[in-house]
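Coordinate-derived values only; no laboratory data. It should be emphasised that the depicted structure is a prediction, and the values quoted were computed from it without experimental measurement. In this analysis, Cβ positions are derived from the backbone assuming ideal geometry, glycine residues included, and neighbour counts consider all displayed protein chains.
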Amino acid sequence: MSGRDPRWDVGPDALKKISEPGGKCDDPVAPPSQDPPNPAPSAPDDGAVQVQLNWFLRAFGNERWQFITIPLLSILVSLIAISIIVGVMGSNPINVFITFLQGAGWIMKPVYAGGFGMLSDLSNTLAAFTPMLFAALAVTIAFRGGLFNIGISGQMLISGFLASVIVGYSGLSSFVAKPLVLLIGIVTGAAIGALIGFLKYRFNINEVVASIMLNYILQYAVSYFINTRYLDQISRQSRVVSPASTLVLSGIYNSKTHQLMVSNSLPSVLKLGDIQFLVPICFVLAIVLAIALQFFLKKTRLGYEIKAVGANRRGAHYSGIRVKRTILVTMMLSGALAGLAGVSYYLGYFNSIQPDTLTSLGFDSIATALLGAAHPIGNIASSFLITTLDTGGTYMQSMMGVRQEIAQLVTGLILLFSACSAFFRWRIAISRQKAEMRAYEAAEHDVDTDLVASSQGGDAA
Amino acid sequence: MSGVNTIIIDGLALALPLLIIAIGGIFSERSGIINLALEGLLGFGAFCGALFAYASVTLHWFSPHSMIPLYLSFLVAALGGSLFAVIHGLLCVKFRANQVISGVVINILSVAVTGFLTSQINVSVFGGPSSKFDLMTAPRLTIPLLSRIPVIGAIFTRFYAFEVMILVLLAIFWFILYRTRFGIHLRAAGDNPQALDAAGVGVARVRFTAVLISGALAGIGGMCFAYSILSNFSAAIYMGYGYLAIAALIFGNWKIMPTFAACLLFGLAQSGANQLILWLKMDSSVGDLAMIVPYALTLILLAFFSKHNRAPRALGEIYDKSKR
């Protein structure tokens, strides 16, 4: 707001009145160019000054809740846009959204194939969710530190590959293998992250370029080793890793006898009433890490330093923060999270690696993280949303006959509108200011006339 | 044809399309708008151009063997690229979006939209389920006398016509950026937008124009790849050349001529590594290792050359009149 703040003109009493919520909510989106402010404050009840915020501003104008309300607004707008597209193509948008949820296991499907149930779909969604959340957190921590880790895919690939080679093809028992896989994921990812950070502070190589180059180098190097040594001739992918090393357990739930069985791999024969599902081991770890990351950024010294470097590198330097070390640590943390994403993707959601491709998850996670407002807790919500659209897409296509690419389009549009969140926030702040200014001007006018009236009264006395 | 010739011929065929995309990136970034969207823009541009070329051949808009659709498709690709760049421009200039997010979103959206439309149009217009538009490969030209010169002659041998076009565009856009009033405005918008505003030029308009130009150039580059390496339009167009162009322009310190050198380095290193494997008669799986060469070489060279690299000062900042 420019110019003088009219609040000081009306005194604390008026301030109290202004801050009171309420007022009529009948006017539409605050029209700035309408008639000049009403000279007499149009207050129906004993002349109190009230800021007339309409419902829209009251719902979305509260800055404390904007971190959740603004993404919700973006999602709402994009769902409307998608409904229109789907409607034009001749399908019922409500049904499309329902089939998305059914496919992802949030709602019951009408019919299930033998051995499958809602639990199967839901657990599949959670297994896809886990690497997405790790990857989104990796983007988030780098982003908070003012860095942009576009190399998540490459870091995921090398972590998954090394874990497969070292543990996945060995005969280690699951109690040794699973922690070892996690450890390899963390260490490999952190090492690549550290390399990027080192190149940045030692040689001033832009981290975007370094990670793009490393993406390609890792992709081709891993492809070479898979193609020459670890290739399964039939699937044209790397050989399947041992069930003991995967981070996803297989479970059987019998809906008739209510027996539950969880093991490394599925039994070969299913009994009647059996429903198979997955147990993503890292799911809880991912959620816990998201909360821990929030605590880390908010309450610890290192977290504060990372944010300070992200906000203003030079300012952080002058306040005594070791910027180079912080950059290195940020990239290491980001890489470690990307490594976790890699092992929970290649040795969890999948159990082999396709050569010559980088997973698009690494790039999608950038958008997921930003949909979650680069806020660790927000990432949990946005990862749920994006993976639901992803895993529900196949079923949606088979039921509605709408092409599966529409799932990608939904994701893209949600991200597009969430990219506008700064604009929404800015517009809302402006409309709010205008509404407040009008109320203040009215109040000011009121006080002026009061003053005039009282001074005239004094003269007369 | 000797191996050295092949290196030069293949190297140029890769380097020049990369260059035109990178010049697009330079225009956007010198005006202060980070452009990670190049990948999506080149894809959408190529989609539009390929759709036009495919439709004109299939629906017989021109006489058979006519070269007009080939040339027009580049124009259509440029228009398509800048059309898609409007989103980036609106988001970054008007809607105050984070420019990095906007770029990533446009890439995701471009893959989704072109994939969706390609399948849909193939079914509903051309009546066949397919996820690509087949194109011919652009014809190659050889200049009779000059191509006889040893080594250098390779430059004039079996080159695509679009390579000449790119060199012409290189000269034009170099001139625009460094020798015209608009170029100065554009560079000022990226380095000191306040000064530009004080001089009475609209920062938003300059930046928006720059983003449109970058979309058009990226679209042309994408069309080149569709005509040369792929000879069709499909999802394979998104193989990361947009990101590679970004790397090239940062390597080139946001200047056109050093970026040209960076692109040449990429192209020649790639084709050189491929030739090396042929000479040594190694197994084709080693090809993966050869592909590493240009990227690793870039990373090593960057370690020597990026000490004095400096991005445009206001790169990535949303221009706010009231800020000082």
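Would you order B:LYS255, A:LYS256, B:LYS132 from fewest to most other beta-carbon atoms within 10 Å of each residue's own beta-carbon?
Working: B:LYS255 15, A:LYS256 9, B:LYS132 18.
Ranking B:LYS255, A:LYS256, B:LYS132 by Cβ neighbours within 10 Å, fewest first, gives A:LYS256, B:LYS255, B:LYS132.
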Seminar exercise, completed: Zone reached by a paramagnetic label modelled 7 Å from A:ARG229 Cα along Cα→Cβ, restricted to segment A:156-181 with backbone N below 11 Å, covers A:162, A:165-166
Problem set entry | Cα→Cβ-extended label distance, 7 Å offset, between B:LYS307 and A:ASP448, nm | 6.5 nm
Seminar exercise, completed: In degrees rounded to 10, the 0-90 angle between helix A:174-203 Cα long axis and the longest Cα principal axis of chain A is 60 degrees
Exercise. 222 nm [θ] for chain A, helices only, -39500 (n - 2.57) per DSSP H run of 4+, per residue, to 500?
Worked result: -21500 deg cm²/dmol
Seminar exercise, completed: Expressed to two decimals, chain B has a Cα Rg over Rh, using the Kirkwood radius, of 0.99
Exercise. In whole angstrom, how far apart do the alpha carbon centroids of segment B:185-219 and segment B:113-130 sit?
Worked result: 37 Å
Problem set entry | Cubic angstrom per residue, convex hull over Cα atoms of chain A | 213 Å³
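What chymotrypsin sites (Phe, Trp or Tyr not before Pro) in segment B:1-108 are in a loop by DSSP, with at most 14 other Cβ atoms within 10 Å of the Cβ?
Numbers: sites: B:PHE27, B:PHE44, B:PHE47, B:PHE52, B:TYR54, B:TRP61, B:PHE62, B:TYR71, B:PHE74, B:PHE84, B:PHE95; in loops: B:TRP61, B:PHE62, B:PHE95.
For chymotrypsin sites (Phe, Trp or Tyr not before Pro) across segment B:1-108 that sit outside H, G, I, E and B with at most 14 neighbouring Cβ atoms in 10 Å, the list reads B:TRP61, B:PHE62.
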Exercise. GNM, chain B, Cα, under 10 Å: largest mean-square fluctuation among B:LEU70, B:LEU36, B:LEU302?
Worked result: B:LEU302
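Once you order the gyration tensor axes a ≥ b ≥ c over the Cα atoms, which shape class does segment B:183-222 get: rounded for a/c under 1.5, otherwise prolate or oblate by comparing a/b with b/c?
Working: a/c = 3.90, a/b = 2.80, b/c = 1.39.
Judged from the Cα gyration tensor, segment B:183-222 comes out prolate (a/c at least 1.5, a/b above b/c).
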Exercise. Measuring from the lowest to the highest alpha carbon on each principal axis, how far does segment B:82-194 reach, largest first, in angstroms?
Worked result: 55, 52, 20
Exercise. Over all residues in B:286-293, what is the mean tally of Cβ atoms on other chains that come within 10 Å of each residue's Cβ?
Worked result: 6
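How many Cβ atoms of partner chains, on average, are near each residue of A:364-374 if near means within 10 Å of its Cβ?
On the way: counts 3, 1, 8, 6, 0, 2, 7, 2, 0, 0, 2.
Across A:364-374, the average partner-chain Cβ count within 10 Å equals 3.
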Seminar exercise, completed: With a ≥ b ≥ c from the Cα gyration tensor eigenvalues, square-rooted, and the rule rounded for a/c under 1.5, otherwise prolate when a/b > b/c and oblate otherwise, segment A:113-371 is prolate
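Extension gain B:MET165-B:HIS65, at 0.36 nm per residue separation less the Cα-Cα distance, in nm?
Values: separation 100, 0.36 × 100 = 36.00 nm, distance 2.07 nm.
Gain in length upon complete extension: 33.9 nm.
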Exercise. Per residue Cα convex hull volume for the protein assembly as shown, in cubic angstrom?
Worked result: 218 Å³
Exercise. For B:ALA204 and B:SER131 in the same chain, what is the full-extension length gain: residue separation times 0.36 nm, less their Cα-Cα distance, in nm?
Worked result: 22.5 nm
Exercise. Of B:LYS94/B:LYS307; A:LYS109/A:LYS178; A:LYS109/A:LYS271, which sit over 26 Å apart, Cα to Cα?
Worked result: B:LYS94/B:LYS307; A:LYS109/A:LYS178
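Would you list A:ILE212, A:ILE94, B:ILE7 from fewest to most Cβ contacts within 10 Å? Can you show the working numbers first?
Working: A:ILE212 24, A:ILE94 10, B:ILE7 21.
The most exposed by this proxy come first: A:ILE94, B:ILE7, A:ILE212.
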Seminar exercise, completed: So, with points 7 Å from each Cα along the Cβ direction, the A:GLU441-B:ALA195 label distance in nm works out to 3.8 nm
Exercise. Other chains near A:193-199: what is the mean number of their Cβ atoms within 10 Å of each residue's Cβ?
Worked result: 1
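Please list A:286-295, A:391-400 highest first by mean number of surrounding beta-carbon atoms within 10 Å per residue. Can you show the working numbers first?
Numbers: A:286-295: 17.1, A:391-400: 19.7.
Result, highest mean Cβ count within 10 Å first: A:391-400, A:286-295.
Full extension from A:GLN237 to A:ILE166: what is 0.36 nm times the residue separation minus their Cα-Cα distance, to one decimal in nm? Write down the numbers at each step before the final one.
Details: separation 71, 0.36 × 71 = 25.56 nm, distance 1.72 nm.
Value of the extension gain: 23.8 nm.
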Problem set entry | Separation between Cα centres of segment B:274-324 and segment A:127-190, rounded to whole Å | 24 Å
Seminar exercise, completed: Residues whose built amide H sits under 5 Å from the amide H of A:GLY117, excluding neighbours closer than 5 in sequence, are A:GLN276
For this session: Please give the net charge around A:GLN102, taking every other residue with its beta carbon less than 10 angstrom from that of A:GLN102, where Lys and Arg add +1 and Asp and Glu add -1.
Result: 0
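How would A:ILE141, A:ILE377, A:ILE150 line up from fewest to most surrounding beta-carbon atoms within 10 angstrom?
Working: A:ILE141 29, A:ILE377 15, A:ILE150 26.
Lowest to highest Cβ neighbour count: A:ILE377, A:ILE150, A:ILE141.
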